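The values are calculated or read from the model by the stated rules, or taken from the named source; none is laboratory data. Here the structure is a predicted model, which means the values were calculated and not measured. Note that each Cβ is placed from the backbone with ideal geometry, even for glycine, and that neighbours are counted across all protein chains shown. Only protein heavy atoms, including side chains, enter the accessible area calculation; ligands, DNA and RNA are left aside. Shrake-Rupley method; radii C 1.70, N 1.55, O 1.52, S 1.80 Å.
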Amino acid sequence: QVQLVESGGGLVQPGGSLRLSCAASRSIFSIDVMSWYRQQPGKQRELVAEITSGGSRNYADSVKGRFTISRDNAKNTVYLQMNSLEPEDTAVYYCNSRIGFSRDWGKGTLVTVSS
């Protein structure tokens, strides 16, 4: 089991940037996939971005070109750099780890994009 703690959320104006962090309780070097999901009000949780242990990345179409996922194995941390934020990006953002069929979730961090 992996404990995940997200941080970095907050209130930002449209067009602004935020960087989310996900700190893991153990080494992430061998974790198959680290991901960021989000849940917008009244909607289901959706995948935003994911990065494999080999460094391959995948993004939701809605965030391509604006968000970047990265991982620092030495710090056991995964990041989500979010640029050109839009009101539609307002959501609770969750970190997720996947090892085989096992998944763990953080408690989430709220991002609000509003003027």
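With respect to (1) at pLDDT 95 or above; (2) loosely packed, with under 12 Cβ neighbours inside 10 Å; (3) among the small types (Gly, Ala, Ser), the lone exception for Ser27 is condition (1). Taken as a whole, the condition of being surrounded by fewer than 21 Cβ atoms within 10 Å (Cβ to Cβ) and either at negative phi or not charged (D, E, K, R) (or both) applies to Leu47. Within segment 52-67, residues that are free of Cβ contacts under 8 Å to residues at least 12 places away in the same chain have Cβ atoms under 6 Å from residues that are of a type outside the set (A, V, I, L, M) and not in a loop (DSSP other than H, G, I, E, B) in these pairs: Asn58/Glu50, counting only partners at least 6 apart in sequence or on another chain.
Would you check if Gly42 is open to solvent by 20 Å² or more (accessible area, probe 1.4 Å), assigned to a loop (DSSP other than H, G, I, E, B), of a type in the set (Gly, Ala, Ser) and at pLDDT 95 or above? So Gly42 fails the test.
How many of the residues in segment 1-52 are among the β-branched types (Val, Ile, Thr) and over 16 Å from the mean Cα position of the chain (by Cα)? Counting residues in segment 1-52 that are among the β-branched types (Val, Ile, Thr) and over 16 Å from the mean Cα position of the chain (by Cα) gives 1. Of the residues making up segment 52-73, those that are surrounded by 15 or more Cβ atoms within 10 Å (Cβ to Cβ) and more than 14 Å from Trp36 (Cβ to Cβ) number 1. Counting just the residues of segment 85-115 that are outside any strand (DSSP E or B) and open to solvent by 60 Å² or more (accessible area, probe 1.4 Å), which one comes out farthest from Gln44 (Cα to Cα)? Once the filter is applied, the top-ranked residue is Ser115.
Any chance segment 12-22 includes a residue that's part of a strand (DSSP E or B) and open to solvent by 70 Å² or more (accessible area, probe 1.4 Å)? Scanning segment 12-22, I find at least one residue that is part of a strand (DSSP E or B) and open to solvent by 70 Å² or more (accessible area, probe 1.4 Å), so the answer is yes.
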